[in-house]
Structure formats: C-alpha cells, structure tokens
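Working notes, structure below.
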Amino acid sequence: MNQNDNQTALIMIFGATGDLAKRKLFPSLYRLFEKNKLSNKFAVIGVARRPLTNEEFQQSIKDSVKSASENEDRIEEFASHFYYHSHDVTDSDSYATLKNMANELDNSYELNGNRIFYLAMAPEFFGPIALHLKSDGLTDVTGFKRLVIEKPFGHDLESAKELNNQIRTAFSEDEVYRIDHYLGKEMVQNIEVIRFANAIFEPLWNNRFISNIQVTSSETLGVEERGRYYEKSGALRDMVQNHMIQMVALLAMEPPIRLNTEEIRSEKVKVLRALRPVEGEEIHKYFARGQYGEGTINNQSLPAYRQETMVDPNSNTETFVAGKLMIDNFRWAGVPFYIRTGKRMETKSTKIVIQFKDIPMNLYYQTEQQLKPNLLVIHIQPEEGITLHLNAKKAGTGMEATPIKLNYANKGIDGLNTPEAYEKLLYDCMRGDATNFTHWDEVALSWSFTDKISAVWENTKDKSFPNYASGTMGPKAADELLEQDGFFWWPVTNLDVDNC
Ligand SMILES: NC(=O)C1=CN([C@@H]2O[C@H](COP(=O)(O)OP(=O)(O)OC[C@H]3O[C@@H](n4cnc5c(N)ncnc54)[C@H](OP(=O)(O)O)[C@@H]3O)[C@@H](O)[C@H]2O)C=CC1
Ligand SMILES: O=C1O[C@H](COP(=O)(O)O)[C@@H](O)[C@H](O)[C@H]1O
C-alpha cells in the first residue's frame, strides 16, 4: 500500500469547538502538515452546535496553532482546509446536510472517498453518532472509513459492551481506533524497544531477576472543571482502567512473533487474561484509595477535592489509587506490579521503576552500607529517558562500592522535543496503523478487572476521606501496600534523568 495515499482523507471532527480539539487535535494536525506528513489532499469538517461561519472557524484554528509556528503563510494555508458545520448530533435531519458537504469536499479535494470520523465529544454521544453515520449514509464510501473514539470507552463493562455494539453496526473492529493517549507517548512506545532490542535486558525480564515493578503517574493538577465527569469516574476509571493497565501490559507481555498490530495486541490481551482478579474483601490487601484534602503546591494553597466545583461535599470518589497487580503466568508468578496514580500530588511525573533482585551474596563489597539494588527507570514524562542504577567501585583506595547512574535523556540526544502523543496517534490512524490504539478485547478485560474494585468501593464509604493532603504522594495506605511485601515506593522526584 502506498503510504501517501493513506494520508489523503476527509477528517470529520465532532466536538470541533471543544477543549480537546483546540488544545490537542488542531495543533497536532498542524505539526503533521508542517512536517509534510499530511498531503495537500486533506480537508477537515468541524462539527459542533454553536453557529460559526467557515471564516470564524478557520480563525479559531489559526488561534489554536499559532503558538506552534511563526510561519503565518503556512498557518493560513493549513486553516484554509477547514470547514464548519453547525449541527446538533442528536438532530437526525442535520446529517443529510453533513453528508452533502462531505461528498462535495471529497470531490473538490480528490480524497478518494477516505474518511476519518473523530469523536471528540462527551461519551454519551459516541453510540448515537456512530449509528447516524451508518443510517444516514456517511459511511458509504469508496475509500477507507475509520472511527477515532476518545475515552472513556464506557463506564463499566456493561456500558462499554453496549457502546461497542452500537459502534460495530457501522464500523468493523479494524476500523475502530480507540484512543489511549498514553500509547502515543514516546517513552511508552519505547518500552517494547528497550525490552526486545537489548540483549542485556531481555534475558533478565522475568521473575528470576526482577523483584518488583512500580508504575507511577502523579499529577499536580486537581479535578479542574471536570467535577461532573470525575465524580462518576474517579481515578480508577479515569486512569487505571486505561493508561495504567496499558503500561503494565506493555511491560509484561511476551515478545510478539511479529511487530505488527495483531501480534502485539494479542500478546497484550494474554497479559490481561493472566491478571489475577481481585474481589471482595481481598481488595483491601491489593488496593488503596485516596482523596485529596487541602494543601500546598508551589506555595499555592489549594482546596480539598470536596470543595471543588460540581463535587459533592461528602464525595466518596477517589482521586488516588495505588494497587498491586499480580500476573499469574510463568514469567511473572510472584512479581508484584505496583501502580499508583492521583491528582494533586507532589509532582507531575510518570515513571516506571524496574527493581532487580539483589545478588545472592555481597561477599566482597558488603560495607556498613547495604548495596543498592539495580534499577532500570523509564522516564515517561515530563522528561523522557532511561536511567540504569548500578553499583561501581568508589574512586580511590579500597574496594568500597558506590551507586552510580547511566543516563539517557531523549531530548539531550536529538535536541528536539518528541512529537506530542496526539500527533503520532493521528498520523498512525491516517496510515491505518492501529497498533497504538486499544482493541475491544483489551478494553473489555480491563473493565472486568476494575469493575470488581469499583463494586466494592462504591458500596463502602471511605470514612478516612480526605486522606492525603494536596502536594503529597498519597495516603499512608499506599506505602503500607508495599511495606507488607518488604518494598517501598522509589521516590519519583529523586530519580530525575536530568539530575544525574
Ligand atoms: N480535554 C481533554 O484534555 C481530554 C478530553 N478527552 C475526551 O474528549 C472528549 C471531548 O472532551 P472536551 O473537548 O474536553 O469536551 P468539551 O466539553 O470542551 O467539548 C465538547 C464539544 O462537543 C460539542 N457538543 C456538545 N454537545 C453537542 C451536540 N449535541 N451536538 C454537537 N456538538 C456538541 C461542543 O460544542 P457546542 O457547545 O458548540 O455544541 C464542543 O465542541 C471527551 O470524551 C473527553 O473525555 C480525553 C482526554 C483529554
Ligand atoms: O486521560 C487522562 O489523562 C490525564 C493525564 O494525562 P497526562 O498525559 O497529562 O499524564 C488526566 O489529567 C485526566 O484526568 C485523564 O482523563
């Protein structure tokens, strides 16, 4: 298949006046355009309710990309590809006009009947839009048709199944691109390469040499304007069901027999099938939840979650989750994968720490100080890189060992910031590469794992809430989760690739 042909398409963005479109989608499309990764044969129809002329819409595109470039001519040229259709997606009549507009642009831009439908709207609209696209003939195309769908994909397994059934009436599984933006992050994509392209790691990547793996994704932001959504979601559905479990799957999967979409997804699915279900009373042994109280970050006093807009003053919603995941297969039996994620924590950081087992006996190098374990740290964000923590001889006389770090900082090598996750994912979708999107089987297995936890949490009020102050690394129970196994959280702030 000719790759350039794949990049010719009509892109329909539902929710084109929203936050995601403005902050992520338009700038990402612009960067692809600027790098000549979008051919000149593309057109975008923005769909939302508010009345806007094409000119007004194009102005909003220019405003949203101007921080990405100073090249006004290029921005002008880029914006000229955008058209607006004021349309309430619940209004059946309006789809006919949308179809005519799409057909006209298809002809005038010679788009070969290729269409990408991007649903950047509240999730309750996903199913109805997909049904309309089919019933009103927008999916009757001569080229490819692809549906890009934002999170959350359902609220639980049952609602996700219902949504999936609606979508599947209009699109086949391989036409559905379920976005998990973590899968577009440079260093998340690097996990496979680090694992499978290095002779020094691949043989050690199992329960004989790894003692535990820690995945942290901490945020300093609170719930912001999203109280209404977050109250029903909480950190478990917002972050664990998708991003955290996806990272664990990439860390734990077997080497795929080929580096293609089907094989990689199939290996991830196997990991999710091996995930030990945690239910009932056991949940307290495996999971800890938290909710932020008042506190201080960067000298700014911040309110408690229960004081945020659109949040119940007695809310039982968790803004923090820590958990121990066990993968019951031959490779990982006995190795805990600890995860933690939360809002209003001390620092914004996503890191993976792979802690190797101690060597059996430090006969020669044992000093008063215990040797530090070897760690492989994968820095996902904000900095990107890898640090390998080793022990080496302390300079000078004697044979004392001292910890050292080998560092690779992504930006230090190529001098550039890596492309934004959305940029890469949009490009993949245009090329028809679904590897970094989630397959329905993965979504279903993740929901069935987290549903058992939400079933207990939603039915038991946590009387300790709020149980961590804003600006801290979560509640004490999260530390106890590791202490009971003889481990502790490696501090994500001291493991910075830039500090070494
Ligand atoms: N914002 C973000 O950073 C992220 C968002 N997401 C997901 O992306 C999706 C969109 O989020 P976000 O952009 O923040 O949401 P916003 O609320 O900012 O935008 C919603 C958009 O939908 C349009 N809209 C609402 N109702 C209708 C309707 N009946 N018919 C047609 N258009 C309608 C709105 O325009 P108008 O009012 O003019 O109709 C607006 O363009 C959600 O699923 C969210 O979970 C995922 C990750 C991050
Ligand atoms: O999907 C989501 O992710 C963001 C965190 O993303 P990041 O790329 O900044 O780490 C989170 O704030 C949001 O609540 C959640 O919906």
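The values are calculated or read from the model by the stated rules, or taken from the named source; none is laboratory data. These figures come from a predicted structure and were not determined experimentally. Glycine gets a Cβ as well: all are built from the backbone with ideal geometry, and neighbour counts include every protein chain shown. Just the protein is used for accessible areas: all its heavy atoms, side chains included, with ligands, DNA and RNA removed. Shrake-Rupley method; radii C 1.70, N 1.55, O 1.52, S 1.80 Å.
To keep it simple, each residue is scored yes or no on (1) assigned by the TED database to the domain that holds N374; (2) within 16 Å of ligand 2 (Cβ to nearest atom); (3) among the aliphatic types (A, V, I, L, M).
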site	(1), (2), (3)
L163	no, no, yes
S211	yes, no, no
T216	yes, yes, no
K232	yes, yes, no
D238	yes, yes, no
Q246	yes, yes, no
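Against the condition touching a helix residue (DSSP H, G or I) at 6+ places or on another chain (Cβ under 7 Å), among the aromatic types (F, W, Y) and either at pLDDT 95 or above or in a helix (DSSP H, G or I) (or both), how does F465 come out, does it pass?
no
Regarding E110, is this residue open to solvent by 50 Å² or more (accessible area, probe 1.4 Å), in the same structural domain as L390 (by the TED database) and touching a Lys or Arg at 6+ places or on another chain (Cβ under 8 Å)?
Against the criterion (open to solvent by 50 Å² or more (accessible area, probe 1.4 Å), in the same structural domain as L390 (by the TED database) and touching a Lys or Arg at 6+ places or on another chain (Cβ under 8 Å)), E110 does not qualify.
Within the group L138, L147, which residue is assigned to a loop (DSSP other than H, G, I, E, B) and more than 12 Å from ligand 1 (Cβ to nearest atom)?
Exactly one residue qualifies, and that residue is L138.
Taking region 424-462 as the region of interest, how many residues are part of a loop (DSSP other than H, G, I, E, B) and of a type in the set (A, V, I, L, M)?
Summing the residues that are part of a loop (DSSP other than H, G, I, E, B) and of a type in the set (A, V, I, L, M) in region 424-462 gives 1.
Taking the condition of being among the hydrophobic types (A, V, I, L, M, F, W, C) and without any contact (Cβ under 8 Å) to a residue 40 or more places away in the chain, how many residues in region 293-351 meet it?
Number of matching residues: 1.
Any residue in region 1-12 that is on the phi > 0 side of the Ramachandran plot sitting within a Cβ distance under 6 Å of a residue that is of a type in the set (D, E, K, R) and modelled with pLDDT of 50 or more? List the pairs, counting only those 6 or more apart or interchain.
none
For residues in region 75-84 being crowded, with 21+ Cβ neighbours inside 10 Å and either in contact with a Gly (Cβ under 8 Å, 6 or more places away or on another chain) or in contact (Cβ under 8 Å) with a residue 60 or more places away in the chain (or both), which is nearest to P27 (Cα to Cα)?
F82
Within region 12-66, track down each residue that is crowded, with 22+ Cβ neighbours inside 10 Å and in a strand (DSSP E or B).
Hits for region 12-66 are M12, I13, F14, F42, V44, I45, G46, V47, A48.
If a residue must be open to solvent by 30 Å² or more (accessible area, probe 1.4 Å) and either assigned to a helix (DSSP H, G or I) or in the same structural domain as G474 (by the TED database) (or both), how many such residues does region 165-184 contain?
Residues flagged as open to solvent by 30 Å² or more (accessible area, probe 1.4 Å) and either assigned to a helix (DSSP H, G or I) or in the same structural domain as G474 (by the TED database) (or both) within region 165-184 amount to 6.
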